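Step one of this worksheet: look at the structure below.
The values are calculated or read from the model by the stated rules, or taken from the named source; none is laboratory data. None of these values were measured; they are calculated from a predicted model. Ideal geometry is used to build each Cβ from the backbone, glycine not excepted, and the neighbour counts take in all protein chains shown.
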Amino acid sequence: MDKSKAKERIEELREKISYYAKKYYDEDKPEISDFEYDMLFLELKDLEKRYPEFITEDSYTQHVGGSVKTGFSKVEHKVPLLSMQDIFNIDEIVEYVNKIKKQAEEENIENQNFVVETKIDGLTASLEYKDGIFVRGSTRGNGFVGEDVTENLKTIKNIPQKLTEKVTITVRGEVFIQNKDFEEMNKKREENGEEIFANARNAAAGSLRQLDSSITKDRPLDIYVYNIQQIEGKSINSHYEALQYLEKLGFNVNPVKMLCSSVEEVNEAIEEIKNKRDSLTFGIDGAVIKVDDLTFREILGTTAKNPRWQIAFKYPPEQKSTKLLDIVCNVGRTGVITPLAILEPVEVAGSKISKTTLHNEDFIKEKEIKIGDTVVIQKAGDVIPEIVKVLKEKRNGQEKAFKMPEFCPVCGAKTVRLDGEVAVRCTGTECPAKLYKNLVHFVSREAMNIDGLGENIIGELLDRKLISNIVDIYNLKLEDIASLKKNGKKFAENLINSIENSKQNDLYRLITALGIAHIGGKASKVLAKRFKNIDNLANAEYIELAQIDDIGPTMAKSITDFFAEEQTKDLIEKLKQAGVNTEIKESEETDERFYGKTFVLTGSLEHFTREEAGNIIEKFGGKVSSSVSKKTSYVIAGKDAGSKLTKAQDLGIKILTERKFMNMIK
């Protein structure tokens, strides 16, 4: 390759890598696999080595990927959190180990050992402790400056808030999600029509870098600690000794760590990790070889980007080709219809794969997948099987294009895909596939608020065939409910009273309970106020709905589609027959003191739950938002308020204590 072509290719690679790195590090939405990214990076590195005159300071080969997300406070790392140099074949391992051994001899360091560990596929975090108490946590960022995510890290149960010794120490670890938890989380997101995470690493990164720690708390994050960055008042000589000490302090330490004294043992350890890969409960993308002697590490030092005392060996993903025999559709509990590929069984990464999700119709179109195609399968992040590509050259003309069903394969109701959504949904209110989820939502506190009728009781009622639809709730008898519990008469009486009381709920609760896509509590109140009764709402035209403030085109289409279904009309009629109120209960006077004002709640309130405070704000005509922006009128800050308070202060938004808020609502 001549110089002009080399320069052109280098610039092309830098542009691609910069784009993909931004998607991976900053947006947590990768568009290519780790292996594809590594190959692009390796090509750039090789070209820059051959043509050093084209190296620039902004090249990704010269710095750590990642930046500090807006909204977080910056943390300067006293010891930089550098990335590792990656290698991809055994010859490079031999070369690296022998080079380190030779340098050790030159420095008169005897018995130079290495520690081989799994390279956990997650997000790097730094944890700081003062006298044994967790005081601050941060992301790697660009290696020198990271994001303060202390509140989010406090939600991870395996991060000790207090150590077994009063030591001042900074440690480095990897935040990740266990394979089983990741599968379950994605399954729930798919059922709810939410975008699924591409892999566990990006799910962990996106969860840790949430501005709202309550979102992080709901994600199944875990951590393995694997290095001491700084420590006061204690001398530790080896990395292996440091790992044992970290365990003693109470940290969750990387469970796979092998002490090796020769290149043969290092290679054996790497092979052992490769063989264990499929049985590990967490995702890995390689093995890490580290110099054990900490004094020697200081001598070896670092480059601008990588420590010289460690290196990462990356395993390539295993891929197999197989035949796509058919595409079938599953209906989730929320009515989301998910296409599923039925495959000719093939073994990939230790598992026999006979089916895999195709996510949605956009995924099928993007990959140009047809029934009868020969496809390439791999495990995404070593967890979920996925179709990587279609081998179009193997087509014979018999392949068939797939189209998402116009009618639900379970109940026959019309399906719909709303603007801005990737999911196709069943609109049937009585679809058996959605029944359990519909019942749980219908009785929930924000909907009909039937106290005592929780998920477990609903499950038992369904199992015993005491209910088979929503209206059956209002036909339950005392003896039916009493039979669910030992000495259950009192429980049954209370539940029957709660069911009876729910018939008198205001109209907005019924609208919420119907579970119309995109229509939550706030929108339900707007609709109840506008249309006064359920029949007026059911007969409303799309144009009228779309012009209402806080509704708009997407919600309007969702409402008209919902009420056009025969199943919906049947349900409304049966609810009326059961005595359920379908009209608004007008209050004698309306107090809209917060009209036009937007509130954000943060921290723990003493006298209200956040939901209670939000209901009060809405009752007085105000709005509640989950994020702080220039449009925010007030931030109500309770105990342990976090990043939302900081952002509000930066924007000059008025901060209310709980006491001031209580004075405003007197």
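Residue-wise test of (1) surrounded by 14 or more Cβ atoms within 10 Å (Cβ to Cβ); (2) under 30 Å from Asp650 (Cβ atoms); (3) modelled with pLDDT of 65 or more.
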site: Tyr37; (1), (2), (3): yes, no, yes
site: Glu43; (1), (2), (3): yes, no, yes
site: Asp46; (1), (2), (3): no, no, yes
site: Glu53; (1), (2), (3): no, no, yes
site: Thr56; (1), (2), (3): no, no, yes
site: Thr61; (1), (2), (3): yes, no, yes
site: Lys69; (1), (2), (3): yes, yes, no
site: Val75; (1), (2), (3): yes, yes, yes
site: Lys78; (1), (2), (3): no, yes, yes
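In the set Val410, Val388, Val422, which member is closer than 30 Å to Leu280 by Cβ and of a type outside the set (Gly, Ala, Ser)? Before the answer, list the steps.
Working: Val410 fails: closer than 30 Å to Leu280 by Cβ; Val422 fails: closer than 30 Å to Leu280 by Cβ.
Answer to the selection: Val388.
Let's see how each residue does on (1) of a type in the set (D, E, K, R); (2) in the same structural domain as Glu658 (by TED's automatic domain parsing):
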{"site": "Glu500", "(1), (2)": "yes, no"}
{"site": "Gly515", "(1), (2)": "no, no"}
{"site": "Phe531", "(1), (2)": "no, no"}
{"site": "Leu545", "(1), (2)": "no, no"}
{"site": "Met555", "(1), (2)": "no, no"}
{"site": "Thr560", "(1), (2)": "no, no"}
{"site": "Ala564", "(1), (2)": "no, no"}
{"site": "Leu571", "(1), (2)": "no, no"}
{"site": "Thr602", "(1), (2)": "no, yes"}
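Residues in the stretch 552-567 that are at pLDDT 90 or above and either of a type in the set (Val, Ile, Thr) or loosely packed, with under 15 Cβ neighbours inside 10 Å (or both): 4 in all. Looking across the stretch 266-309 at every residue that is among the basic types (Lys, Arg) and either modelled with pLDDT of 90 or more or in a loop (DSSP other than H, G, I, E, B) (or both), the one that is surrounded by the most Cβ atoms within 10 Å (Cβ to Cβ) is identified as Lys290.
Restricting to the stretch 73-122, count the residues that are in a loop (DSSP other than H, G, I, E, B) and either closer than 23 Å to Lys305 by Cβ or of a type in the set (Asp, Glu) (or both).
Start the filter on the stretch 73-122 by keeping residues that are in a loop (DSSP other than H, G, I, E, B), which leaves 73, 77-85, 88-89, 107-113, 121-122.
Filter once more, so that each one left must be either closer than 23 Å to Lys305 by Cβ or of a type in the set (Asp, Glu) (or both): 77-85, 88-89, 107, 110, 121-122.
Summing the residues that are in a loop (DSSP other than H, G, I, E, B) and either closer than 23 Å to Lys305 by Cβ or of a type in the set (Asp, Glu) (or both) in the stretch 73-122 gives 15.
Scanning the stretch 85-144 for residues that are closer than 25 Å to Gln210 by Cβ, charged (D, E, K, R) and surrounded by fewer than 19 Cβ atoms within 10 Å (Cβ to Cβ) yields a total of 1.
For Phe442, which of the numbered conditions (1) within 27 Å of the chain's Cα centre (by Cα); (2) outside the structural domain of Pro553 (by TED's automatic domain parsing) fails to hold? Only one criterion is unmet by Phe442, namely (2). Looking at Thr356, Thr415, Thr338, just one residue is over 27 Å from Asp121 (Cβ atoms) and of a type in the set (Ser, Thr, Tyr), and that residue is Thr415. Note on the stretch 599-631: residues that are more than 16 Å from Ile665 (Cβ to Cβ) and either modelled with pLDDT under 90 or among the polar types (S, T, N, Q) (or both) amount to 10.
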